[in-house]
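Here the structure is laid out as structure tokens; the discussion comes afterwards.
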Amino acid sequence: MNFLFCGDHNAERGVLIAVLSLLKAERGEEVHVYILTMRAKSKSRSFKPFSQHAADFIRSLIVADNPNSSLELIDCTENFIKEPPTANMGTRFTPYAMLRLFADELPQIPDRILYLDDDVIIRRPVDQFYTQDLTGTELVGVLDYFGRFFFHNQKKIFDYLNSGVLLLNMPEIKRTGLFKRVRHLMQVKKMFLPDQTAINKLAKEKRIAPRKYNEQYALQDDTVIQHFTTSFRFFPYFRTQTVKPWDVKRVHSVLHLHEYDDLLNEYLKLKDQL
């Protein structure tokens, strides 16, 4: 199975946790991980790429689990320079979210790959989701938990996907030019959540998967992948809530979640080696 992550050095902790959860869920299966990064800076911010040291360390864990597995760190700086998301560079959008949109230009990326944000935990094997028939399908995802109510195609309701877990059919994406069109739209039109919005607007062959493959609100009995997104909470008062897996104390104190204690304890032992 093939997995895709993107990010700068701030993604290293999340990718470590996600990979540890993957190795636990898949137990010795052959996996191939691709991490896209770049060197970037803006008028107000400077970014450090995902480090080679962190990639090498995570690779060592993957190969120790199965010698046939692999990890490749890919520098997309030149791709980004050629097609920057000009209209959205002054927004809260992080340019590293755009890196997955260059997957169609990278010969290393295989035909079928599961993209994951760096704030997910894989709770159960993903093979049933991963191996589904992708004929005539560009990508498969799960409805955005809150966005489904506010954003939708004019002709449909409940079709707005969360882009944090996407099964990508690269040959079909290349055939339809989906990612190329998304990159262009991000250059010319300012949008809210630009990468996710553009994907939803332009994907004509998307498939909606069950919630269990990208649980964005609270752990359920059948959850396969839990995604620690920013969410709205209404009691005892309205607020937004953000708790990431690497913030272990808040996973316990705010979410009261102990499902992943063995995994997070392993992370705490290893994180200083990144």
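The values are calculated or read from the model by the stated rules, or taken from the named source; none is laboratory data. Given the structure is predicted, the values throughout are model-derived calculations rather than measurements. In this analysis, Cβ positions are derived from the backbone assuming ideal geometry, glycine residues included, and neighbour counts consider all displayed protein chains. Heads up: the accessible areas ignore ligands, DNA and RNA and are worked out on the full protein's heavy atoms, side chains in. Shrake-Rupley method; radii C 1.70, N 1.55, O 1.52, S 1.80 Å.
Here are some notes:
- Förster radius 41 Å - calculated FRET efficiency between LYS41 and ASN265, Cβ distance, rounded to 0.05: 0.70
- In the chain, taking the dipole from charged Cβ atoms about the Cα centre, the farthest positive-side position among LEU274, ALA218, ALA87 is held by ALA87.
- Order by protection proxy (mean Cβ within 10 Å, highest first), peptides 162-173, 243-254: 162-173, 243-254
- Straight-distance candidates among the lysines for linking to LYS174, with alpha-carbon spacing under 16 Å and chain neighbours fewer than 8 residues away dropped: LYS204, LYS206.
- Shape category assigned to region 1-129 from the gyration tensor of Cα positions, a/c cut at 1.5: prolate
- 5 angstrom amide H check on LEU143, placed H, neighbours 5+ away: ASN162, ALA209
- Within the accessible area of the chain, the carbon and sulfur atoms contribute 52%, probe 1.4 Å, all protein chains present.
- Probe 1.4 Å - accessible area at ASP261, Å² to nearest ten: 40
- Phi angles of region 201-218 translate, via the Karplus equation with coefficients 6.51, -1.76, 1.60 and θ = phi - 60°, into HN-Hα couplings of 5, 9, 6, 9, 10, 9, 10, 9, 9, x, 3, 4, 8, 7, 6, 9, 10, 8 Hz per residue; Gly and Pro are given as x.
- Pairwise label distance in nanometres, LEU274 with GLU72, each label 7 Å out on the Cα-Cβ vector: 2.4
- Taking every alpha-carbon pair within the chain, the share separated by more than 25 Å comes to 44 percent.
- Residues of region 180-220 with amide N under 20 Å of the 7 Å Cα→Cβ point at THR230: 190-200, 215-218
- Straight-line cross-link partners of LYS190 among the aspartates and glutamates, defined as a Cα under 17 Å from its Cα and at least 8 positions apart when in the same chain: GLU83.
- Computed extension gain for GLN187 through ALA64, at 0.36 nm per residue and net of the alpha carbon distance, reaches 40.1 nm.
- The residues of the chain expose, per residue, 49 Å² of accessible area to a 1.4 Å probe.
- Among the listed pairs LYS244/LYS269; LYS41/LYS180; LYS180/LYS271; LYS180/LYS201; LYS41/LYS82; LYS48/LYS244, a Cα-Cα separation exceeding 25 Å is found for LYS180/LYS271.
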